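**Student:** So that we are looking at the same thing, I have put the structure below in structure tokens.
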Amino acid sequence: MRFLLIDPPHKIWTILRAWVPSPGCLQLLAYLERESFDIDYMDCTINENPWGDLEEKIRKEKPDMVGISVTCTAFIYDGMNAASLVKVLSPKTIIIMGGEHPSFMAEETIRDCPAIDYICVGEGEVTLAEFLRTLEKKDDLSKVLGLAYLDEKGNFTYTGDRPFIEDLDTLPLPAYHLARMEHPYVGLPSEGKRGLVVNFSRGCTFDCSFCSESAFYKRKWRRKSPKLIADELQLLKEKYNRDIFYVGDNTFNITRDQGIGFIEEMLKRKTNQRFWLQSRADLVIRDQDLLDGFREAGVYQFMLGLEYHKDDVLRDIRKRHSVDEALKAMKLLKKHQLMVMATLLIGHWEETEEDRDAFLKFFGKYVDHFGLNIITPLPGTPFFNKMEEEGRIKDWEYRNYDYLHAVMPTREVDDLEQLNFIYKNLMRRYYWRPRELIKLFSRNPILRHHHRFYITQVAFNIMTHEIFGTPLWVQPNYQEYRDYLVERDEALPPELMRLAK
Ligand code: B12
Ligand code: SF4
């Protein structure tokens, strides 16, 4: 039986215009491959004609089973549309969807999209392998933990939580050989074409109220050992010529040991690779004696979720570090010649214009990369539950749940469009300051590269659009599903339009 895993056609990382293969899909594929399943992979995000290519593949191959990966809430309708297309073209294909959003919203998702037969709730490797094996043997799927579905009577059924994989070192290396690594799209443009996103741990032990990751992994943190990490990085260097990485781990150095092990291993291997890691202010302070080691091991930047410049807001979102700690961490990173990327959240209920001015002043002094976001109630998080309960969510269009669009008003600003404008304006005020423009000529090649890419392409494009009405950049290979259906017209069954989300 043939299983096809699909990353459905969806928007890429618009803010950096980055196409990168999904680490989750590559890990799932490697696991299934090791378990000897007959597998195939289609990353529609890099196809030139994504919906058309998907249609053609399904018509031609009619796979027995299809898996659809949807991590971000903002892409759930893309996943549902892919499921409908597959089901209508190949009704016998069994479809399972997995990823963060459908795990949290399993019943809603499966009721909203009848094409989906099953949802894998939570971590995917073991559940998917057991699911496929059980189907092959025509055994009882109700015994497979981590599955959600509707029974014959239409009742929602959940088989129960699948325990997490205890030791991530038992996983094989991600199946890079199944990704189109040489495709011109694949890379992080701001870091150069030799960039890639990798993932070496799962979860986080903290419990920030807005964070879907800590909810998905139930505040548990597991990691691959530094040796296995270094093996993967060495493979990426030698076979795929990759030497600069965004390490997607939520919080890289939850333990000091992980940081120490990574430093030792990378110094030993001498692969001469560069890394952008994610961490927290308090952990940077705890590990300040390791910062030189991190830099020598190739780390060039820490991304910290600093969020806001006011302690009451930090307390409210359960950040569990203070503004003073944020300041200290930024200063420490600078002192040790590490770049600071801050992910920040605006759009809090009590926020005023003065707050935003103070926010810009506070972070504008130290931050090299300004990761500005609008606080978003991601389904599955305690923040979502609270906002829903209080009736504060105004926009229920999941496509807008990407941290770049306001979906909730503040006490002062009720109009979401106005908040979106405020967001853009803050970005503009940050990047068009002389101190940022000077970075276009920085002696630090990474900073120079990022700012040249971001300012001359992204920000300049937005500015000329706003002033002269020139066209905004659009992802060349993204097509709205409905437009595709209209284009194909009579070549496709009409029910697809009725099912389209
Ligand atoms: C890598 C990454 C990216 C990459 C995307 C690469 C790609 N092609 O997917 C980049 C940097 C481009 C990116 C961008 C964005 N991202 Co991002 N990203 C991550 C990150 C750091 C790691 C994801 C990962 O690899 N996890 C590890 C793997 C093993 O887990 P996984 O993907 O969840 O997969 C497991 C299960 O979910 C399940 N599973 C998944 N798919 C399937 C399918 C089947 C069939 C089955 C059975 C199981 C299954 O099994 C897998 C293995 O156990 C996470 C945060 C984090 N640390 O997890 C955020 C995260 C996924 N991103 C997020 C967001 C919001 C975005 C952006 C929208 C941000 C923005 N404003 O632009 C953009 C969207 C653009 C895009 N194209 O993805 C959010 C999503 C939250 C949500 N619920 O919506 C996250 C969770 C971060 C956060 N908490 O804010 N991102
Ligand atoms: S520290 Fe980061 S990853 Fe951990 S719970 Fe908070 S936001 Fe999530």
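**Student:** Cα centroid distance between segment 13-51 and segment 356-397, in Å?
**Tutor:** Cα centres, segment 13-51 to segment 356-397: 29 Å.
**Student:** Starting from the Cα of Arg180, step 7 Å along the direction of its Cβ; do the same at Arg256; then give the gap between the two resulting points in nm.
**Tutor:** For the pair Arg180/Arg256, the computed spacing is 4.8 nm.
**Student:** Let me ask another. Lys/Arg Cβ at +1, Asp/Glu Cβ at -1, dipole of the chain taken about the Cα centre: which of Ser214, Leu492, Gly99 is farthest positive-ward?
**Tutor:** Farthest towards the positive end: Ser214.
**Student:** Percent of accessible area on the chain owned by carbon and sulfur, 1.4 Å probe?
**Tutor:** 52 percent
**Student:** Quote the charge dipole size of segment 21-160 about the Cα centre in Debye, to the nearest 20; the model charges only the Cβ of Lys and Arg (+1) and of Asp and Glu (-1).
**Tutor:** 340 debye
**Student:** Oh, and also: Could you work out the helix-only [θ] at 222 nm for the chain, with each DSSP H run of four or more residues adding -39,500 (n - 2.57) and the total divided by the number of residues, to the nearest 500 deg cm²/dmol?
**Tutor:** Taken over the chain, the calculation gives -11500 deg cm²/dmol.
**Student:** Can you check what the net charge comes to around Arg435, using other residues whose Cβ is under 13 Å from the Cβ of Arg435 (Lys, Arg +1; Asp, Glu -1)?
**Tutor:** +3
**Student:** For Phe441 and Arg399, calculate 0.36 nm times their separation in residues minus their Cα-Cα distance, and state this gained length in nm to one decimal.
**Tutor:** Extending this stretch completely gives an extra 11.4 nm.
**Student:** Next question. Express in Å², to the nearest 10, the accessible area of Tyr401 obtained by rolling a 1.4 Å probe over the protein heavy atoms while all chains stay in place.
**Tutor:** 10 Å²
**Student:** Which of the three applies to segment 3-73, rounded, prolate or oblate, going by the alpha-carbon gyration tensor with a ≥ b ≥ c and a/c under 1.5 meaning rounded?
**Tutor:** oblate
**Student:** Show me the ranking of peptides 481-493, 405-417 by mean Cβ neighbours inside 10 Å, starting with the highest.
**Tutor:** 405-417, 481-493
**Student:** Evaluate the charge dipole of segment 1-73 about its Cα centre and quote only its size in Debye, nearest 20, assuming +1 on the Cβ of each Lys and Arg and -1 on the Cβ of each Asp and Glu.
**Tutor:** 180 debye
**Student:** Placing +1 on the Cβ of each Lys and Arg and -1 on the Cβ of each Asp and Glu in segment 246-402, which of Leu267, Thr343, His309 has its Cα farthest towards the positive end of the resulting dipole?
**Tutor:** Farthest along the dipole direction, towards plus: Leu267.
**Student:** Among the lysines, which have Cα under 17 Å from the Cα of Lys57 when same-chain residues fewer than 8 positions away are ignored?
**Tutor:** Hits, sequence-local ones excluded: Lys87, Lys92.
**Student:** Would you please give the FRET efficiency between Gln475 and Lys62, computed as 1/(1 + (r/R0)^6) with r the Cβ-Cβ distance and R0 = 30 Å, to the nearest 0.05?
**Tutor:** About 0.55, to the nearest 0.05.
**Student:** Rounded, prolate or oblate for segment 188-240? Axes are the square roots of the Cα gyration tensor eigenvalues, ordered a ≥ b ≥ c, and the cut-off for rounded is a/c under 1.5.
**Tutor:** Because a/c hits 1.5 or more and a/b fails to exceed b/c, segment 188-240 counts as oblate.
**Student:** Which whole-number value in Å² is the accessible area per residue of the chain, probe 1.4 Å?
**Tutor:** 43 Å²
**Student:** Follow-up. Multiplying the sequence separation of Lys331 and Lys220 by 0.36 nm and subtracting their Cα-Cα distance, what value in nm do you get?
**Tutor:** So the chain would gain 37.0 nm between Lys331 and Lys220.
**Student:** Would you calculate the separation in nanometres between label points at Met463 and Arg429, each defined as 7 Å from the Cα along the Cα-to-beta-carbon direction?
**Tutor:** So the label points at Met463 and Arg429 sit 1.7 nm apart.
**Student:** Could I ask something else about it? Pull up the DSSP beta bridges for the chain and report the antiparallel fraction as a percent, rounded to 5.
**Tutor:** If I count the DSSP bridges inside the chain, around 20 percent turn out antiparallel.
**Student:** By how many nm would the segment from Thr14 to Glu417 grow when fully extended, if each residue of separation counts as 0.36 nm and the alpha-carbon distance is taken off?
**Tutor:** Going from the current span to full extension adds 143.2 nm.
**Student:** Measure off 7 Å from each Cα along the Cα-to-Cβ vector at Asp357 and Glu487, then give the distance between these two points in nanometres to one decimal.
**Tutor:** 4.8 nm
**Student:** Using amide H atoms built in the peptide plane, which far-off residues or other-chain residues are under 5 Å from Ala18 H to H?
**Tutor:** Here Trp13 satisfy the definition.
**Student:** According to the square roots a ≥ b ≥ c of the eigenvalues of the Cα gyration tensor, what is the shape class of segment 384-494, taking rounded for a/c under 1.5, prolate for a/b larger than b/c otherwise, and oblate for the remainder?
**Tutor:** Oblate, because a/c is 1.5 or more while a/b does not exceed b/c.
**Student:** Right, here's the next one. List the trypsin sites (Lys or Arg not before Pro) in segment 223-325 that DSSP assigns to loop (not H, G, I, E or B) and whose Cβ has at most 15 other Cβ atoms within 10 Å. Which are they?
**Tutor:** Lys270, Arg318, Arg320
**Student:** May I pose another question? How many angstrom lie between the C-alpha centres of segment 452-476 and segment 278-337?
**Tutor:** 32 Å
**Student:** Taking the Cα centre of the chain as origin, sum charge times position over the Cβ atoms of Lys and Arg (+1) and Asp and Glu (-1), and report the length of that vector in debye to the nearest 20.
**Tutor:** Its charge dipole is roughly 1840 debye.
**Student:** Then there's this: Considering only C-alpha atoms, what is the centroid distance from segment 403-441 to segment 72-98, in Å?
**Tutor:** Measuring centre to centre over Cα atoms gives 35 Å.
**Student:** Further question: For the chain, build the charge dipole from Cβ charges (+1 Lys, Arg; -1 Asp, Glu) around the Cα centre, then report which of Pro379, Ala358, Leu290 sits farthest towards its positive end.
**Tutor:** Leu290
**Student:** Using a Förster radius of 56 Å, what is the FRET efficiency between Gln234 and Asp140 based on their Cβ-Cβ separation? Nearest 0.05, please.
**Tutor:** The value I calculate is 0.85.
**Student:** In the chain, which Cys residues have no partner Cys with a Cβ closer than 4.7 Å?
**Tutor:** So, Cys25, Cys44, Cys72, Cys113, Cys120, Cys204.
The values are calculated or read from the model by the stated rules, or taken from the named source; none is laboratory data. All of these numbers come straight from a predicted model, not from anything done at the bench. Every residue, glycine among them, receives a Cβ derived from its backbone with ideal geometry; neighbour counts consider all protein chains shown. Ligands, DNA and RNA are stripped out before the accessible areas are found, and what is left, the full protein with its side chains, is counted by its heavy atoms. Shrake-Rupley method; radii C 1.70, N 1.55, O 1.52, S 1.80 Å.
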